[in-house]
Amino acid sequence: MTKRLVVHESGNHLEVPVFTGATSGHTYVQIANSSNVGTVKLGGASNGNVSIFDSSANLRMSLSADVAGNAQINGYDASGTNTFTINSAGIFSGPASCQYLTSTVATGTPPLFVTSTTVVTNLNADKLDGYDATAFEAAGTTSTHAALTAAHGATGAVVGTTNSQTLTNKTIVVANNTITTAASGNLAATELNAALAELQADIDTRATTQKGRIRFLKSLPPATLFATEDIRPGGSSPAESVIVWDFDAASIEYMDFLCVLEHYGGGGLTFSLPWSATSATSGAVRWGVAIRRMTDDAEDVDASKTYDFNEVDDTAASASGELSYATITFTNGTDMDNLADGELAIVRVRRNGSHANDTMSGDAELWLPNARET
């Protein structure tokens with residue numbers, strides 16, 4: 001049985017139907033016009049509900065409560081999407097916008113709980129972790145120890161206030177290296193200064209005494225009269241296989257090497273030619289070294305170059321498998337073709353077997369040469 005109260009006013013009417021639904025005790029009250037515009041509905045058996053519609057019959061807000069004490073307010077946009085919810089526990093879900101927030105909770109309870117770690121743009125707070133802005137050092141400025149301790153309410157000195165302050169039973173660690181004194185484990189500031197000065201002097205000495213070197217990149221056999229690449233077998237098991245270049249006796253043979261001068265400091269160069277004899281155990285070999293500088297945009301490898309050799313006579317080792325080290329020096333400048341740091345060069349090594357001082361019979365086996373600044 002439905003009962004309806006209708007009040008007419010200038011063609012409009014207000015209907016208040018009161019009826020009982022299929023569920024016993026379910027009462028539904030509607031206050032609306034004939035087209036359900038601007039409706040307010042109340043109803044429910046065990047639940048109480050209030051629904052509010054706008055002038056276009058769109059649901060915009062609902063309020064609900066049940067006998068268990070649960071209550072909820074929901075807001076909707078024009079499309080019917082739920083935009084916010086407030087439950088009986090006071091928890092708000094959804095975006096909120098207002099001019100300002102005021103919290104009156106007493107000290108001891110946080111006025112705001114935040115889960116997200118995302119940066120809040122333009123957040124201007126009076127304190128950071130309980131500290132006022134004056135407790136922090138501004139970027140680009142320096143403060144004295146007294147100013148810093150005063151800002152944080154601290155007292156006393158960090159270590160001391162005099163230049164000769166002693167660090168009693170302290171260990172100073174710098175880059176995982178411990179500085180201390182052998183006698184008592186104590187280190188005075190004056191001792192630290194002396195240690196640092198000594199360290200700096202050592203660094204300066206190493207920087208000034210560092211010598212350059214010639215790095216041999218690869219062998220370049222010339223088109224003719226080249227020494228033959230060979231293997232000198234060792235006596236171990238398995239046997240070693242040493243690459244050597246065989247220079248014949250009674251003739252002049254060459255081997256070129258592509259090299260680069262590194263860390264050069266302006267001194268001369270000393271070449272070391274390790275070599276062994278294929279079979280001889282006596283006699284001498286006339287070794288020579290020459291340098292062709294490959295200057296930037298100047299030296300044309302297609303053009304002929306007259307190599308200027310520095311030579312030395314070196315005596316064969318007492319056993320054919322043993323090494324002898326021939327040493328040949330160059331002074332800086334024209335003697336080494338004015339080779340500069342970082343430049344490539346062709347280093348030509350020869351055995352002058354036709355020279356009267358070359359008296360060793362058989363091949364001379366050149367191992368890998370090396371050169372350093374002297």
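Applying a DSSP loop filter and a limit of 15 other Cβ atoms within 10 Å to the trypsin sites (Lys or Arg not before Pro) in region 253-315 leaves K305.
To the nearest 0.05, how large is the calculated FRET efficiency for N82 and Y131 if R₀ is 56 Å and r is the Cβ-Cβ distance? Given R0 = 56 Å and the Cβ-Cβ separation, E is 0.85. Multiplying the residue separation of S97 and M61 by 0.36 nm and subtracting their alpha-carbon distance yields 11.2 nm. On the beta carbon distance between S272 and D341, with R0 = 22 Å, the FRET formula returns roughly 0.60. With 0.36 nm allotted per residue and the present C-alpha distance subtracted, the A319-T228 stretch has 30.6 nm of extension available. Across region 360-369, rounded Karplus estimates of 3J(HN,Hα) from the backbone phi angles (6.51 cos²θ - 1.76 cosθ + 1.60, θ = phi - 60°) give 7, 8, x, 6, 9, 9, 7, 8, 6, x Hz, Gly and Pro being marked x. Counting neighbouring beta carbons within 10 Å and listing from fewest to most, the residues F247, F53, F84 come out as F84, F53, F247. The HN-Hα couplings worked out from phi for region 48-63 by the Karplus form 6.51 cos²θ - 1.76 cosθ + 1.60 (θ = phi - 60°) are x, 9, 10, 10, 10, 10, 8, 5, 9, 6, 9, 5, 10, 7, 9, 10 Hz, whole numbers, x standing for Gly and Pro.
Extending 7 Å from the Cα toward the beta-carbon at both N49 and L220 defines two label points whose distance is 9.4 nm. Taking R0 as 22 Å, what's the FRET efficiency between N70 and S116 from their Cβ-Cβ distance, rounded to 0.05? For R0 = 22 Å, the calculated efficiency reads 0.20.
Qualifying GluC sites (Glu not before Pro) in region 316-374, where qualification requires a DSSP coil assignment and no more than 15 other C-beta atoms within 10 Å, comprise E322.
What the phi angles of region 81-98 give under the Karplus curve with 6.51, -1.76 and 1.60, with θ = phi - 60°, is a coupling list of 7, 5, 9, 7, 9, 10, 9, 5, 7, x, 8, 9, 10, x, x, 9, 9, 7 Hz, glycine and proline written as x. Applying a DSSP loop filter and a limit of 11 other Cβ atoms within 10 Å to the chymotrypsin sites (Phe, Trp or Tyr not before Pro) in region 103-141 leaves F113, F136.
Bear in mind these aren't lab numbers, they're just calculated from the coordinates by the rules spelled out. Quick caveat, the model's predicted, so the values are computed rather than measured. Glycine also receives a Cβ, built like all others from the backbone with ideal geometry; neighbour counts cover every protein chain displayed.
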